[in-house]
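The values are calculated or read from the model by the stated rules, or taken from the named source; none is laboratory data. If you're wondering where the values come from, they're calculated on a predicted model, not measured in any experiment. Here the Cβ positions follow ideal geometry from the backbone for every residue, glycine too, while neighbour counts run over all protein chains shown.
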Amino acid sequence: MGVSGVGKSTIGSLLSKELSIPFFDGDDYHPQHNILKMSKGKPLNDNDRLGWLQTLNQLAITELKNKGAVIVCSALKEDYRTILSNTIKNDVKWVYLSGSYELIKNRINDRKGHFMNSDLLQSQFNTLEEPKNAIKVNISLTPNTIVQVIRKQLENTAEFGLFGLGVMGKSLSRNLARKGFKISLFNRHVDGKEVYVAKNFKNEYKELANALPFDAIAPFVNSLQKPRKIMLMVNAGNIVDQVIKDLLPYLEEGDILIDGGNSNYNKTKERFTYLASKQIHFIGAGVSGGEEGALKGPSIMPGGNKKAYKQVQPYLEAIAAKDANNLPCCTHIGTEGSGHFVKMVHNGIEYVEMQLLAEVFFILKAMGNNPDQIATILNDWKKTANSYLLEITIDILRKKDNDDWLVNKIMDKAGNKGTGNWTTIATAELGIPSTMVASALFARYISFFKEDRVAANLHFKPTTPHNLNLTNNELLQAYQFARIINHYQGFRLIDEASTRYNWGLNLSELARIWTNGCIIRSDFMSSLVTTFKSTNNILTSKPIIEQINTLKPSAKKIVAECVLNEIPIPNFSEAINFLIGFATASSSANLLQAQRDYFGAHTYQRIDDNTNKFYHTNWTNN
């Protein structure tokens, strides 16, 4: 495509021979009316062009049934190109021949016997809307050189794009390349800070030899096969919206954007709806496993349109971890923001699992054990309560730094990146008592007040030394008990969201993809794959009920001993308090409701009235 006189016919003919496919000149398909009009020096209007464009579209559709073809057409406006590629957009590649007005005018004047003269050239330049998604070649090159440039770019396309080369983006890129996919890599260019990041990264690893590096958006997008599949690996928040804004002018109907960051599920729902209005698919994909998992095989939680997922499924499932049956730890979660929601809850469960191990560490230290001894105790726990987090905790406790254990030199201030906060908000909004994640989150908040804690210690520290009457096995049993409650609360929150938002989530399948690759993988998670096939509430599972009743006495003892010895154990305490409250058939909430009715006339129901009638009492009158 291009204005008249750029050499479309010459280049098109040569290219068709190079590619061994038929050549068609669009000018040969003009109706007689159009030819007469142009020969009189009158420009064509859109009505003149419509039938002609539709004829060329049908020609393209016919040729696609064979080997394809090279078709020459001015196609100056985006609307014209839309008509030309109607129903075959993903099978069309535009080549835009460009040049200066003076060069093209001279070429038109030199050609003989053509119905188009140079007087109409300016009207063509006025009409021209340069395509954003096209191979652009300057006609100052020789015809044969132009053909080779076009051929090289036609062949040099990638299947999948990675936008953002931070730690996770780099690991996922290498993972994709190792699986044999040809990928395009993009990282922004910032003078003095981020320069040739994609190019340097490509040159650093041999598996990226065929990858295409970019630091400009247009060529990055144009390097991808249609429909384009682009995974965004950028920080959650406003930057995701900015990236979408930057990409949109170059995207086309049916293209797919995948947000692989830890975005808030509500924002993902908004982006899903917004991009759907632009005919662009959006998939919010939770990715768990950290840097190593992203490289060797993460757990992936994609949520979005199922048809769009099918198009990216081969890539995501290829790079995902594999479960015990060698199935990918990746599955279509549901629509809208479901993928990011379950990743958020995954992180909430993770917060609790980490806090429980921190409390175990604190208790065992109070019992007189050093980090090496604690690591040995935890290593024995792997027989019955193994998990990824338990394994890395053992490694951490054994790490020495000169004359001491490194863990003893680390400042006791724990940060967070927001997912625990979001999970706590979500559980409050959905009315589900996932109390342990809130407790774990607030434990981190307390840790951050280091100076205040040091000052408070002067006034409120224990007056007697620790005297814990506990065994290692009792602590193990309390740990197992608390983990069951944590997983119940997390999956209960997911189940409620599934119902509320009509996501239709499969808890067994979700547990399955969390059996490998992710941070919360564990032997207990593997057992839940079977449990969730018969119930969505693990507290109704007979084996788990029996296990809880066996473990509960140790949980109560641990909490009692720690409170008496002033050892902070917020998550152990919350686990037993939750179950006691949850298993109380007649609670103290009757007094709460009476108080609400007293000051706010909120009414109440009576246990001796089965009609669900609501009552109000004037409490100041006897």
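Remarks
- Selection from region 19-40 of residues that are part of a helix (DSSP H, G or I), touching a residue at least 24 places away in the same chain (Cβ under 8 Å) and surrounded by fewer than 15 Cβ atoms within 10 Å (Cβ to Cβ): Ile35, Ser39
- Taking first residues from region 88-111 that are farther than 23 Å from Ala134 by Cα and partners that are among the β-branched types (Val, Ile, Thr), the Cβ contacts under 8 Å between residues at least 6 apart in sequence or on separate chains come to Arg107/Val6.
- From the options Ile83, Ile61, residue that is in contact with a Ser or Thr (Cβ under 8 Å, 6 or more places away or on another chain) and over 26 Å from Asn144 (Cβ atoms): Ile61
- Against the numbered list (1) assigned to a loop (DSSP other than H, G, I, E, B); (2) among the charged types (D, E, K, R); (3) buried (at least 22 other Cβ atoms within 10 Å of the Cβ), Lys533 comes up short only at (3).
- Residue in region 330-353 that is farther than 24 Å from Trp422 by Cα and crowded, with 17+ Cβ neighbours inside 10 Å present: no
- Residue in region 404-424 that is farther than 21 Å from Gly286 by Cβ, in a helix (DSSP H, G or I), touching a Lys or Arg at 6+ places or on another chain (Cβ under 8 Å) and in contact (Cβ under 8 Å) with a residue 24 or more places away in the chain present: yes
- Given (1) over 30 Å from Asn469 (Cα atoms); (2) crowded, with 16+ Cβ neighbours inside 10 Å, index of the condition Leu579 fails: (1)
- If you go through region 4-18 and pick out every residue that is more than 10 Å from Val72 (Cβ to Cβ) and either assigned to a helix (DSSP H, G or I) or charged (D, E, K, R) (or both), you end up with 3.
- Scanning region 221-249 for residues that are assigned to a helix (DSSP H, G or I) and without any contact (Cβ under 8 Å) to a residue 60 or more places away in the chain turns up Asn238, Ile239, Val240, Asp241, Gln242, Ile244, Lys245, Asp246, Leu248.
- Listed by first and then second residue, the pairs with beta-carbon distance under 7 Å, at least 6 apart or on different chains, first residue in region 50-78 and among the aromatic types (Phe, Trp, Tyr), second part of a helix (DSSP H, G or I) and surrounded by 14 or more Cβ atoms within 10 Å (Cβ to Cβ), are Trp52/Tyr29; Trp52/Asn34.
- Residue check for Asp255: buried (at least 21 other Cβ atoms within 10 Å of the Cβ), in the same structural domain as Lys306 (by TED's automatic domain parsing), under 22 Å from Tyr96 (Cβ atoms) and of a type in the set (Asp, Glu): yes
- Of the residues making up region 322-356, those that are within 26 Å of Ile569 (Cα to Cα), within 20 Å of the chain's Cα centre (by Cα) and polar (S, T, N, Q) number 1.
- Test: Ile183 is in contact (Cβ under 8 Å) with a residue 40 or more places away in the chain and either among the acidic types (Asp, Glu) or crowded, with 18+ Cβ neighbours inside 10 Å (or both): no
- Meets criteria (without any contact (Cβ under 8 Å) to a residue 40 or more places away in the chain and within 13 Å of the chain's Cα centre (by Cα)) for Tyr274: no
- Considering (1) over 30 Å from Asn537 (Cβ atoms); (2) assigned to a helix (DSSP H, G or I), the lone condition that Pro465 does not fulfil carries the number (2).
- Taking the conditions (1) in contact with a strand residue (DSSP E or B) (Cβ under 7 Å, 6 or more places away or on another chain); (2) surrounded by fewer than 16 Cβ atoms within 10 Å (Cβ to Cβ) in turn, Asn126 satisfies each one other than (1).
- Taking every residue in region 306-331 that is in the same structural domain as Ser173 (by TED's automatic domain parsing) and pairing it with any residue that is basic (Lys, Arg) and surrounded by 19 or more Cβ atoms within 10 Å (Cβ to Cβ), at least 6 positions away or on another chain, the pairs with Cβ-Cβ distances below 6 Å are Val312/Lys229; Asp323/Arg512.
- All of Glu509, Glu561, Glu496 fail the test of being of a type in the set (Asp, Glu), in the same structural domain as Ala575 (by TED's automatic domain parsing), outside any loop (DSSP other than H, G, I, E, B) and more than 28 Å from Gly289 (Cβ to Cβ), apart from Glu561.
- On the stretch given as region 313-329, residues that are assigned to a helix (DSSP H, G or I) and crowded, with 24+ Cβ neighbours inside 10 Å total 2.
- Identity of the residue in region 514-530, outside any loop (DSSP other than H, G, I, E, B) and of a type in the set (A, V, I, L, M), that ends up nearest to Pro298 (Cα to Cα): Met525
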